[in-house]
Structures are given as C-alpha cells and as structure tokens.
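Working notes, structure below.
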Amino acid sequence: MRLGVLGWPVAHSRSPAMHNAALAAVGLQGWRYQLLPVPPELFAETVRSLAQAGFRGANVTIPHKAAALALSTDRTERAAAIGAANTLTFEPGGEIVADNTDAPALVAALPFDARGQTAVVLGAGGSARAVVWALGGAGARDVLIWNRTPERARALAHEFGATALGQGDVMRDADVLVNCTAAGLDGGDSFASLPLDAGSVRNYRCVVDLVYTPSGTRLIDAAQRRGVATVDGLEILVGQGALSFERFTGRPAPVDVMRAAARG
C-alpha cells in the first residue's frame with residue numbers, strides 16, 4: 001500500500017520521513033510513503049491515476065490544495081467550508097475523499113485558547129484559508145488578512161467574515177501572527193517579502209510560521225530571540241500529518257515517533 005505527498009516543489013518535505021517512521025512503528029511493514037512532485041498542469045491527471053498505482057492516500061501541499069478539493073468526489077464538511085484540501089483518501093469504489101487537517105492542527109498547536117484573540121494571517125492561499133476558517137471557528141475576536149495582492153485578501157476576508165489589511169496598512173498589534181506564505185521556504189530572509197521586520201514580531205504574543213527549513217526560519221528565530229511564543233512549521237506538519245495518518249490507515253498515530261522523525 002502506498003502513500004505520498006503531492007506538491008510543486010516538494011523535495012524539502014519531511015512528510016516521507018515522518019510517515020514512514022509512523023508506519024514502521026505501528027507494524028504496517030507493507031506500506032511506504034513517498035514524494036510526489038507534480039506541476040499544476042499534471043495534477044488532476046496524476047491524482048486520478050494514483051489509486052490504480054496502489055495508493056491509499058496522499059497529502060497535498062503548495063500549490064495544489066484548492067485543486068485537490070475541486071477534483072474530489074466526496075469531501076468532509078470541514079474541507080468544503082474551507083475550500084481547500086490537504087488530504088486525499090482513495091476508496092475501493094473509486095471515490096476520492098478530501099479533508100483538511102491543517103485547520104485542527106493549527107488550533108491544537110497554539111499555546112493558548114484562540115477564543116477572544118486577535119490574529120493576523122499573512123497570505124490568501126490554501127493554507128491561509130484553513131487558518132482563517134480555523135481561527136474563526138475557534139472563536140477568535142478578529143482575523144486580519146494581508147496578501148501581496150490586496151484583492152485576494154479582500155475576497156478571502158469577505159468569504160470568511162474577516163478583515164482585509166491594505167498594502168499601506170501598518171501591521172498592528174495582535175495576539176497571534178500566522179505566516180501562510182512561502183516566505184523563507186528557500187532558506188532565505190523571511191522578511192524580504194513580508195510586511196514586517198524582525199523587531200515588529202514583539203507586537204505579538206505568539207508567532208506561527210507554516211514554513212519549515214532544516215535550520216528554522218528567520219521569522220521564528222526573530223520571535224524566539226524576543227521572548228515571543230512560537231509554533232514552527234514542523235509542529236503543524238506533525239499535527240496535520242497525524243490526523244492524515246489516522247485517515248489513511250485507521251490506526252492511532254504515534255505522534256511522538258512522527259515528531260522525532262520530522263525534527264530528525
């Protein structure tokens with residue numbers, strides 16, 4: 001039985017190490033998890049062929065999350081509400097079931113209850129959709145969205161009852177900052193394409209960066225240096241991966257094993 005992660009690019013992903021360690025830990029020796037680098041123009045064709053190739057399921061990362069939902073034949077209420085999927089399960093009858101485990105993983109990883117808090121979300125793609133939906137569902141008082149393309153921020157804010165930040169807006173104080181952009185994914189300066197600098201992270205109680213790199217991102221490093229609570233992309237990866245693992249296998253996820261493998 002095969003599993004994988006669909007993305008473009010996807011070579012940086014720690015999902016294979018994490019899931020293969022989990023499969024071994026629960027005794028599923030005949031299973032394996034692999035990278036599935038697929039450009040957008042081949043995404044639909046590839047996904048529709050995976051079941052015949054022996055795949056039970058696949059995780060989905062940038063830039064395919066909206067496309068994954070669109071080609072599914074069935075979807076959870078959560079994925080449908082978010083409008084993006086990061087988990088596809090291939091059923092024996094040919095169904096492609098979409099779910100989104102990013103949303104519950106984000107809420108579970110926060111160091112405090114999101115209820116009554118204010119959050120700034122950077123980005124307006126598939127991950128941002130999950131984060132905005134999750135924070136709103138968890139009772140956040142206000143969710144503010146920034147995107148390099150203001151129209152996308154306004155559209156997402158309108159859809160989820162959030163607030164769009166204009167390009168000229170100064171990043172305001174908030175309880176939580178969540179980076180859902182790809183800034184820092186290449187190991188470079190996270191702040192080069194974000195509307196804030198290293199010093200301004202002290203305006204938040206917690207900084208979350210969905211990006212992860214072997215040495216950590218500059219955004220997370222800047223927050224830690226200033227005593228701000230942080231949640232890095234690997235912790236979100238483990239949380240969403242554990243939920244996906246349980247959907248794929250029907251087994252409880254060995255979360256500690258997955259965390260050690262992801263960070264190792």
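Bear in mind these aren't lab numbers, they're just calculated from the coordinates by the rules spelled out. Keep in mind it's a predicted model, so treat the numbers as computed, not measured. Positions of Cβ are generated from backbone atoms using ideal geometry, with glycine treated the same way; all protein chains shown enter the neighbour counts.
Here's how it looks for T87: its modeled amide H is under 5 Å from those of V60, D99, T101, which are all 5 or more places away or on a different chain. Working note: Karplus 6.51/-1.76/1.60 with θ = phi - 60° gives the stretch 256-263 the couplings 4, 5, 5, 5, 5, 5, 5, 7 Hz, where Gly and Pro are set to x. A dipole drawn for the chain from +1 and -1 charges on Cβ atoms has a positive end, and of L210, A44, Q29 the residue lying farthest that way is Q29.
Across the stretch 181-195, rounded Karplus estimates of 3J(HN,Hα) from the backbone phi angles (6.51 cos²θ - 1.76 cosθ + 1.60, θ = phi - 60°) give 8, 8, 4, x, 5, 7, x, x, 6, 4, 7, 4, 10, 10, x Hz, Gly and Pro being marked x.
If you average over every viewing direction, what projected area does the convex hull of the Cα atoms of the stretch 104-231 give, in nm²? Walk me through the numbers on the way to the answer.
Numbers: hull surface 27.7 nm².
So the mean shadow area of the Cα hull is 6.9 nm².
Write down Rg/Rh for the stretch 93-175, rounded to two decimals, with Rg from the C-alpha atoms and Rh from the Kirkwood relation over Cα pairs. The Rg/Rh ratio comes out at 1.03.
Sorting check: for 183-196, 47-60, 76-89, 202-215, which peptide has the highest mean count of neighbouring beta carbons within 10 Å, and how do the rest follow? Before the final figure, lay out the partial values.
Numbers: 183-196: 17.1, 47-60: 18.9, 76-89: 22.3, 202-215: 20.5.
Those peptides, ordered most packed to least, come out 76-89, 202-215, 47-60, 183-196.
The C-alpha atoms of the chain define a longest principal axis, and helix 126-137 lies at about 70 degrees to it. Averaging the sequence gap over all C-alpha pairs within less than 8 Å and six or more residues apart, then dividing by the number of residues, gives the stretch 104-231 a relative contact order of 22 percent. Across the stretch 25-39, computed HN-Hα scalar couplings (Karplus, 6.51 cos²θ - 1.76 cosθ + 1.60, θ = phi - 60°) run 5, 9, x, 8, 5, x, 9, 8, 10, 9, 6, 10, x, 9, x Hz from first to last residue, x flagging Gly and Pro.
Here the relative contact order of the chain, from alpha carbon pairs under 8 Å that lie six or more residues apart, stands at 17 percent.
In this calculation the C-beta distance from A229 to R172 is compared with R0 = 25 Å, giving a FRET efficiency of 0.85.
Please grab the % of Cα pairs in the chain that end up more than 29 Å from each other.
Values: 9621 of 34716 pairs.
Summing the P(r) of the chain above 29 Å gives 28 percent of all pairs.
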